[in-house]
1. Condition first: more than 16 Å from the ligand (Cβ to nearest atom) and either loosely packed, with under 12 Cβ neighbours inside 10 Å or under 20 Å from the mean Cα position of the chain (by Cα) (or both). Now tell me which residues in the stretch 1-24 satisfy that.
2. Does the stretch 36-48 hold any residues that are without any contact (Cβ under 8 Å) to a residue 60 or more places away in the chain and either in contact with a helix residue (DSSP H, G or I) (Cβ under 9 Å, 6 or more places away or on another chain) or assigned to a helix (DSSP H, G or I) (or both), and which are they?
3. Does any residue in the stretch 9-24 that is within 14 Å of Glu244 (Cβ to Cβ) come within less than 8 Å, Cβ to Cβ, of a residue that is exposed (fewer than 13 other Cβ atoms within 10 Å of the Cβ) six or more places away or on a different chain, and which pairs are these?
4. Does the stretch 132-141 contain at least one residue that is surrounded by fewer than 24 Cβ atoms within 10 Å (Cβ to Cβ), under 21 Å from Phe22 (Cβ atoms) and away from the ligand (no atom under 12 Å from the Cβ)?
5. Residues to consider are Ile188, Ile150; find the one that is β-branched (Val, Ile, Thr) and away from the ligand (no atom under 14 Å from the Cβ).
6. Which of (1) under 30 Å from Leu64 (Cβ atoms); (2) among the hydrophobic types (A, V, I, L, M, F, W, C); (3) in a strand (DSSP E or B) is the odd one out, the single condition Cys257 does not satisfy?
7. Give the residue that is farthest from the ligand (Cβ to nearest atom), with candidates limited to residues of the stretch 25-57 that are within 19 Å of Tyr243 (Cα to Cα) and surrounded by 16 or more Cβ atoms within 10 Å (Cβ to Cβ).
8. Can you give me the number of residues within the stretch 58-101 that are more than 13 Å from the ligand (Cβ to nearest atom), in a helix (DSSP H, G or I) and over 13 Å from the mean Cα position of the chain (by Cα)?
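The values are calculated or read from the model by the stated rules, or taken from the named source; none is laboratory data. Remember, predicted model here, so these are calculated numbers, not experimental data. Here the Cβ is made from the backbone with ideal geometry for all residues, glycine too, and neighbour counts use every protein chain on show.
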Amino acid sequence: MTTAAFDTSRAYKPWEVDGKFFGDGREAALLDYVYSHPDLEQIRGNPARVCAAIDAFAQAHTGLINIGELKGALVCDTIAKHRPAVMLELGGYVGYSAILFGSAVKQAGGARYFSVEKNPLFAAVAASLADLAGLRDTVRVVVGTGAEGIQRLFDQGALRSQIGMLFLDHHKPSYTADLKLCERLGLIGAGTVMVADNMILPGNPPYAAYVRASAAEKQAQAARGEDAGNPNLQYTSRSVVSYEPSGQQDALEITECSGSAA
Ligand SMILES: C[S@@+](CC[C@H](N)C(=O)[O-])C[C@H]1O[C@@H](n2cnc3c(N)ncnc32)[C@H](O)[C@@H]1O
């Protein structure tokens, strides 16, 4: 997997405006921008063009906290390689990753992309744009925290057995706890791939330590009474360095589960 160089002509505007990084009206402005676009009928039903319109807004108007083109391409490569039937995302924001990755899952023959987003306004923007992209049958946006969304989808039977991929891009301190919840519910097994964003910016040492620990180390932690997922699961994990859409360096942590030690 190779990391493309950053093209400064495609950089997003700065995220920070008057001390705010999101939630200051820019998400509703994005929706207005897309739906009043002169090429709306060419954008409709075309996930790549919806993402291109979101990129164009963030390049010309206000930065958005999306994964962006370069890290997004690395995740799409991972989806094409592993062909998940079901993929779960934690942290959907305005739907850029759900549209990009939901489309990749569909192209790879997959059935469902669940996107859990805590903020109901952001979730509404995401659902509207995924619908515009023609992904109504593939992408389902769920309002709630990661833990609430995972548990609700499990209780409803929408997530019952092992998933193909998990994308973590929400509250950074919740990555490890929410992965452990997925493990306890039996959603992670041999062949499941986890992709975690923002491993440099801002970084997530507890998550990196957890996915790089051996089953023996995790079994010892569980025996000491530490909050456990399924300590028997064996992971192989690596960091892939790339760029934020602002041009700042960041990395994805890509982790593959090879099965259970017990
Ligand atoms: C970096 S953005 C996600 C970007 C999106 N994945 C993309 O690339 O297009 C992080 C999102 O996580 C949401 N969030 C924060 N804490 C959360 C939590 N505990 N559970 C679910 N979503 C959360 C925020 O509201 C925000 O929309």
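1. Correct list: Met1, Thr2, Thr3, Ala4, Ala5, Asp7, Thr8, Ser9, Asp18, Gly19.
2. Taking the stretch 36-48 as the starting set, the residues that turn out to be without any contact (Cβ under 8 Å) to a residue 60 or more places away in the chain are 36-42, 48.
Selection gives His37, Asp39, Leu40, Glu41, Gln42, Ala48.
3. Partner pairs satisfying both residue conditions: Lys13/Ala60.
4. Applying the first criterion (surrounded by fewer than 24 Cβ atoms within 10 Å (Cβ to Cβ)) to the stretch 132-141 yields 132, 134-138, 140.
Narrowing further to those that are under 21 Å from Phe22 (Cβ atoms): 132.
Within this subset, residues satisfying the condition of being away from the ligand (no atom under 12 Å from the Cβ) are 132.
Yes, that holds for at least one residue.
5. Details: Ile150 fails: away from the ligand (no atom under 14 Å from the Cβ).
None of the others qualify; the one that does is Ile188.
6. Condition (1) is where Cys257 drops out.
7. As a first pass, look at the stretch 25-57 and keep what is within 19 Å of Tyr243 (Cα to Cα): 51-52, 54-57.
Keeping just the survivors that are surrounded by 16 or more Cβ atoms within 10 Å (Cβ to Cβ) gives 51, 54-55, 57.
Values: Cys51: 9, Ile54: 8, Asp55: 11, Phe57: 13 Å.
By that ranking, first place goes to Phe57.
8. Going residue by residue through the stretch 58-101, those that are more than 13 Å from the ligand (Cβ to nearest atom) are 59-62, 77-86.
Next cut, in a helix (DSSP H, G or I) only: 59-60, 77-82.
Still in the running and over 13 Å from the mean Cα position of the chain (by Cα): 59-60, 77, 80-82.
Counting residues in the stretch 58-101 that are more than 13 Å from the ligand (Cβ to nearest atom), in a helix (DSSP H, G or I) and over 13 Å from the mean Cα position of the chain (by Cα) gives 6.
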